[in-house]
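One structure below.
The values are calculated or read from the model by the stated rules, or taken from the named source; none is laboratory data. Nothing here was measured: the structure is a model prediction, and the numbers come from that model. Using ideal geometry, Cβ is built from the backbone for each residue, glycine included, and neighbour counts are taken over all protein chains shown.
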Amino acid sequence: MAKKQQAIQAIRGMHDILPEQSPRWHKVETTIKAVLDSYGYREIRLPIVEKTELFKRSIGEVTDIVEKEMYTFDDRNGDSLTLRPEGTAGCLRACLEHGLLHNQVHRLWYCGPMFRHERPQKGRYRQFYQLGVETYGMAGPDVDAEIILLSDRLWRRLGIRGNVELQLNSLGTIEERAAYRDKLIDYFKRHLDLLDEDSLRRLETNPLRILDSKNPDMKGVIAGAPELMDYLGEESRNHFNELRAMLDDLGIAYVLNSRLVRGLDYYGKTVFEWVTDELGAQGTICAGGRYDGLIEQLGGKKNFAIGFALGMERLLALVEMQDDFQVEPTVDVFMIRVGSEAEKAGMRIAEQLRSELPKLKLLVNCGGGSFKSQFKKADKSGAEYAVIIGDDEVSQGVVSLKPLRSDREQRNMPVSELIQVLSEWLAC
Ligand code: ATP
Ligand code: MG
């Protein structure tokens, strides 16, 4: 006898999206797509694997992602490849490679899995889905305002506008950040005894990231640190003030957060996050900013770029918490067929219904069974109506329509009438 095999389980932090969950994903994805369409954003599809060098050069060698979160492996021919931890680098790589940044503007989006070797917990996974929105060729700040407006509209459509808050900051230019960085190192060196291990490590490599520390014991020392805003030059300051004026004019509320630095090296000028306090520690659902400098860093000519990434699992979690969140049923009509003539006729009628009513969601019972057992299945399917065909109905040239969730009466009718009735009742 064959030895019983042990079942293989998924990798920690990489989850399945089961059929009962997928309608919720579809609803959110459909809403996202409609909002993106209404702003003229176009989809770009990108590989999931890129050369490791791309991420090292763009995200930055001393960031959490590159230091400890990447899934990196050698290809069979020895090239170092990495499962994408985020989408911005690959999107920009593709646009440079295909000459899309030459005298053009682009508004793009993509959605798909990203991979980071983090400690799995609620809202933090090793494979997770991101929607990325990226724009190229526009210096802003009007397009900065546009992508914020777009996200704001998305929250409204999903019914979570009251549950999220916009936080805004400016990181200035590389030169301005360098001057600030020196002041910040001076300051933290005067308070070495208050720094945790992570911050001590970051002090020389990436001191701005200390401001982003999630350790509550660090709050005090961070609060006393110098403000980057005081080191911004005139152009950066104007850009930021103009953006603020536009948001004010459009009635988009925001909170200035001078500690918002983002975990990736490529940002400059505008940065923002949409945060919620309803998801515990993993409260950022969407984060983005301007990354003009990255284009030259990846070998392009001076140009402009701003975008954001939205964590789909966190967004879903927040959307599902709303009382009025409902998804459409996956089945409208369940067809019950009993008897050999009825089985044949049923299959033909089902095809006819699908042709006449293209939006109808019709599930046909397969594998036989008594009326009773098929009714049970119909009920469980969530269908609004059952269409019943027995050999009697076949000989009379009718089918029977039974409402399953209302007290409308069951009635026999020819197929032509069935089509009319379903089209009216289901608006399909
Ligand atoms: P965090 O501070 O939560 O680690 P991050 O700064 O690393 O976030 P980004 O790289 O800016 O995140 O990614 C954008 C969004 O993607 C985040 O705001 C979050 O919603 C989502 N996200 C990031 N990492 C994960 C993860 N491991 N699991 C699920 N969602 C994630
Ligand atoms: Mg992170």
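Among the residues of segment 128-174, just one is closer than 17 Å to Met312 by Cβ, out of contact with any Cys (no Cβ under 8 Å at 6 or more places or on another chain) and polar (S, T, N, Q), namely Asn163. For first residues located in segment 262-273 and at pLDDT below 75, partners that are within 12 Å of ligand 2 (Cβ to nearest atom) and assigned to a loop (DSSP other than H, G, I, E, B) and lie 6+ apart or on another chain with Cβ distances below 8 Å form the pairs Gly263/Thr63; Leu264/Thr63; Leu264/Glu86; Asp265/Thr63.
Identification of helices (runs of 4 or more DSSP H) wholly contained in segment 1-108 with 3 or more residues that are aliphatic (A, V, I, L, M) and either on the phi > 0 side of the Ramachandran plot or at pLDDT 95 or above (or both) yields 22-38, 88-97.
Every condition in (1) of a type in the set (S, T, N, Q); (2) out of contact with any strand residue (DSSP E or B) (no Cβ under 8 Å at 6 or more places or on another chain); (3) modelled with pLDDT of 95 or more holds for Gln297 except the one numbered (3).
Within segment 343-367, the set of residues being among the small types (Gly, Ala, Ser) and touching a residue at least 24 places away in the same chain (Cβ under 8 Å) comprises Ala345, Gly346. Here Gly397 meets the list (1) loosely packed, with under 14 Cβ neighbours inside 10 Å; (2) within 9 Å of Phe334 (Cβ to Cβ) almost entirely, failing just condition (2). Does segment 349-356 include one or more residues that are touching an Asp or Glu at 6+ places or on another chain (Cβ under 8 Å), at negative phi and not charged (D, E, K, R)? Looking through segment 349-356, none of the residues is touching an Asp or Glu at 6+ places or on another chain (Cβ under 8 Å), at negative phi and not charged (D, E, K, R). Counting the residues of segment 112-144 that are of a type in the set (Asp, Glu) and away from ligand 1 (no atom under 16 Å from the Cβ) gives 2.
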